[in-house]
Structures are given as C-alpha cells and as structure tokens.
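Derivation of every value follows stated rules applied to the coordinates shown; laboratory data play no part. Quick caveat: nothing in here was measured; it's all calculated off a predicted structure. Every residue, glycine among them, receives a Cβ derived from its backbone with ideal geometry; neighbour counts consider all protein chains shown.
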Amino acid sequence: MKYKRILLKLSGESLMGDKQFGIDNNRIDSYAKQIKEICEAGVEVAIVIGGGNIFRGVQAEEGGMDRTHGDYMGMLATMINSMALQAALESNGVNTRLQSAIEMKEICEPFARRRAVRHLEKGRVVIFGAGTGNPYFTTDSAASLRAIEINADVILKGTRVDGIYTADPFKDPTATKYETISFEDVYKKDLKIMDMTAFTLCNENNLPIIVFDMDTPGNLKKLLDGEKIGTVVIN
Ligand code: GTP
C-alpha cells in the first residue's frame, strides 16, 4: 500500500446521498465497505467527518445565533455522523474506537493522542468526533490537526469532485484537473481546497493532501494501490 497511516476526511453533506437532510444508509454503508477494504490491506485508518448534513454553525450565525454557540452545535452534529459511521463500520466487521474532543464519556472515549495511536497500531479504525473541540475551527482543521498529531502520512479528503481543477468544473466546462500541485500554487491561484487555517497547518508540517472522489466505490483502494486518483497537494 502506498501509505501506512492515513487520515480520511469525509464531508457531512456527502452522507446525505440523494436526500435533503440527514444520513443516507446506502451512502454510509458504501463508505464503510470502502474503508473496510483498505483496513484489510493493512492500512491504519483515522477518520474525521463533518456535520454539515445536520447543522452548520455559519448559517446559524446568519440567522442571528451567536457564532460560538452555533459552532458547538456543529461539533455535536459531527458526533452524530461519527456514531453513525462507527455503527456502519462495525456492522461490516471493522473494529473501531470513537474519540471525542468534547468529553461525553458515556458515549465514547475522550480524545487521547497516545491511545488513538495505540488503537491504530492494533488495527482499529479511530474516528475523531467533535472537531477540535473549539469554535472558529472547521472539521478540516480538526482533520489537519489530528493527522499531524498521529503522524499520518497523508490526509485524504473525500469530496464529490475527483480532484482540484483550474476552475470550478460545475461552472466552467474548460476547467482541467491537476494531477499534482504545490501548496504555494494553491495559495497563488487562490484555489479552494480547505479553509486557510487547515491548509496552512498541512503546509507548515509537510503533510500532503489528496483530494479525491470518495463517492465512486473502489476509489479509496485504488488510491492506496498507487493509482492516479484525485489531485495531490505536496511541497
Ligand atoms: P486496549 O486496552 O488497547 O485493548 O484498548 P481498548 O479500547 O479495548 O481498551 P478499554 O478496555 O479501555 O476499552 C474497551 C471499550 O470501552 C472500548 O470500546 C472503548 O472505546 C470503550 N471505552 C474506553 N474508554 C471509554 C470512555 O471513557 N467512555 C466510553 N463511553 N467508552 C470507553
């Protein structure tokens, strides 16, 4: 396998599948099966998942809610998705541990870096819930932070598009895909991959990011097999 330890970032929205809200069982099961495939191949897998299918802090702020309050609600939304993914993985026979950045010890373990690493070494999938535990940070920032903390080889950012394009491929039909791009060029060209906090954390710690289409079954395994899937951001 191309990488030994990965941090997989999944978006909350993509869990909706064709639904308008919440969690689509087929979609989450398809993610679980893809993850199982790479675990069986010996890859150590940690996961951070967003919460946008359930609640978005930014939109709550537009409605007049205090930003920090909305952000904490968003962190709880990520816990719901994390628990759903944990259940889907376990029903597919994958051992998991869920750790939360906000203590809720009746539901899961509190985040403990060394313990998370131990779980990974034992072949368990570790899901990190509740973002970083702080408002004003996105789940992309949580993914970057946790990836660095556990010494992951790469962040795999699963999205609906199959990589990074010169322009938005949904709006501009002439847009072309990058196979590889440097951190510096992403800044220069002002490409939107992650928010800047998350992106800079990866850059400063030399952590490559791969943006790829997770909604096409089999892509995750192909990527780890070394096939040219998605776009690699690297220094
Ligand atoms: P090893 O000791 O390395 O084998 O790891 P382990 O996770 O099996 O250890 P432990 O015996 O501590 O955990 C057994 C189960 O309890 C696991 O499913 C853990 O996720 C769960 N667990 C551990 N700590 C907590 C906690 O603080 N709260 C909750 N809700 N569950 C916990």
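Evaluation of F212 against the conditions (1) free of Cβ contacts under 8 Å to residues at least 12 places away in the same chain; (2) within 15 Å of the chain's Cα centre (by Cα) shows that the sole unmet condition is (1). Taking the listed residues F170, F128, the one that is touching a residue at least 40 places away in the same chain (Cβ under 8 Å) and aromatic (F, W, Y) is F128, with no other qualifying.
Within region 203-235, the set of residues being among the hydrophobic types (A, V, I, L, M, F, W, C) and surrounded by 17 or more Cβ atoms within 10 Å (Cβ to Cβ) comprises L207, I209, I210, V211, F212, M214, L220, L223, L224, I229, V232, V233. Tallying residues that are touching a residue at least 24 places away in the same chain (Cβ under 8 Å), within 11 Å of the ligand (Cβ to nearest atom) and not acidic (D, E) within region 110-121 yields 3. Can you pull out the residues in region 42-88 that are without any contact (Cβ under 8 Å) to a residue 12 or more places away in the chain and either of a type in the set (V, I, T) or not in a helix (DSSP H, G or I) (or both)? Of everything in region 42-88, those that are without any contact (Cβ under 8 Å) to a residue 12 or more places away in the chain and either of a type in the set (V, I, T) or not in a helix (DSSP H, G or I) (or both) turn out to be G63, G64, M65, D66. Restricted to region 99-109, and to residues there that are in a strand (DSSP E or B) and either of a type in the set (S, T, Y) or touching a Leu at 6+ places or on another chain (Cβ under 9 Å) (or both), the residue that is farthest from the ligand (Cβ to nearest atom) is S100. Of all residues in region 54-83, those satisfying the criterion of being within 16 Å of the ligand (Cβ to nearest atom) and out of contact with any Phe, Trp or Tyr (no Cβ under 8 Å at 6 or more places or on another chain) are M79, I80, M83.
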